[in-house]
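Rule-based calculations on the coordinates, nothing more; no lab input. The shown structure was predicted, so the numbers you read here are calculated from the model rather than taken from an experiment. Every residue, glycine as well, gets a Cβ built from its backbone with ideal geometry; the counts of neighbours run over all protein chains shown.
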Amino acid sequence: MPNRTTPSAPEPKPASAVDDAELVGRIARHDQAAFEVLMRRHNGKLFRVARAILKDDAEAEDALQDAYLDAYRHINDFRGGARLSTWLTRIVINQALMRLRKHRRDRIVVPFGDGRAIEPDQAETDMADERSESPPGATLRAEIRRALERRIDELPMAFRTVFVMREVEDMTVDETAECLSIPAATVRTRLFRARALLREALARDMDMATVDVFGFAGERCDRIVAGVLARVLAVAPGSPSTI
């Protein structure tokens, strides 16, 4: 009789090549490689959300780790009714708020409940796409980023969180509303207020900075004065026309 070979089962895809739904199934079967892929896939967004609430890098990292452990323990509770990223974001928000209440780091000026109805700002600022920068340009860009980060940190927590989720992470209004358990209209209101507060703060920074634009004191002033005096001394006394 001829030998019959049983076709071999196809090789499973590596965890990095599968979608979130399959990752969830693998994690439920205690696949640590899949869990690592999930964390690396969502780390950036989730860290920024935690950082927006806590205003502290170390605290945000701790909150994110606690959130991942919570998600790992309850991975079977994820039913696919929402996107996995939304489910994870809600866990991170809860962990960050628990940590915030515990340490009392931030006095919340604006509650997470409904805010006043304000028309959303329709103006969008287009940022130039700088594909290559000189070292001075990169330094200036870094300084601007740090100034913006400081001003974002100064926003009330409710506004700050919405701003980071919408503007930094590019989450939709509906995704943000679902994660924060607030109406979509409230998301728009808080984003509008956050933008307005940032514009006011950055405008004040610009007003203060313009005082020193093209500064003349110091080394430049000394250099010009020294140059003129040297030319004066180089000519004979009483001959100003030769200077």
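Cβ under 12 Å from residue 21's Cβ, residue 21 left aside: what net charge do those residues give with Lys, Arg +1 and Asp, Glu -1?
Values: positive: 26, 79, 83; negative: 19, 20, 22.
Net charge in that neighbourhood comes out at 0.
Residue 51: net charge of surrounding residues, Cβ under 10 Å, Lys/Arg +1, Asp/Glu -1, itself excluded? The partial results should precede the final answer.
On the way: positive: 48, 55, 160; negative: 56, 57, 59, 61, 149, 153.
Taking every Cβ under 10 Å from that of residue 51, the sum is -3.
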> What is the pair-distance distribution P(r) of region 135-210, computed from all Cα-Cα distances in 5 Å bins starting at 0, with each bin given as a whole percent?
Replying inline: 3, 16, 23, 21, 15, 11, 7, 4, 1
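Summing +1 for each Lys or Arg and -1 for each Asp or Glu, what net charge is found among the other residues whose Cβ lies under 12 Å from the Cβ of residue 170? Mind dumping the intermediate values first?
Numbers: positive: 45, 48, 166; negative: 167, 169, 175.
Net charge around residue 170: 0.
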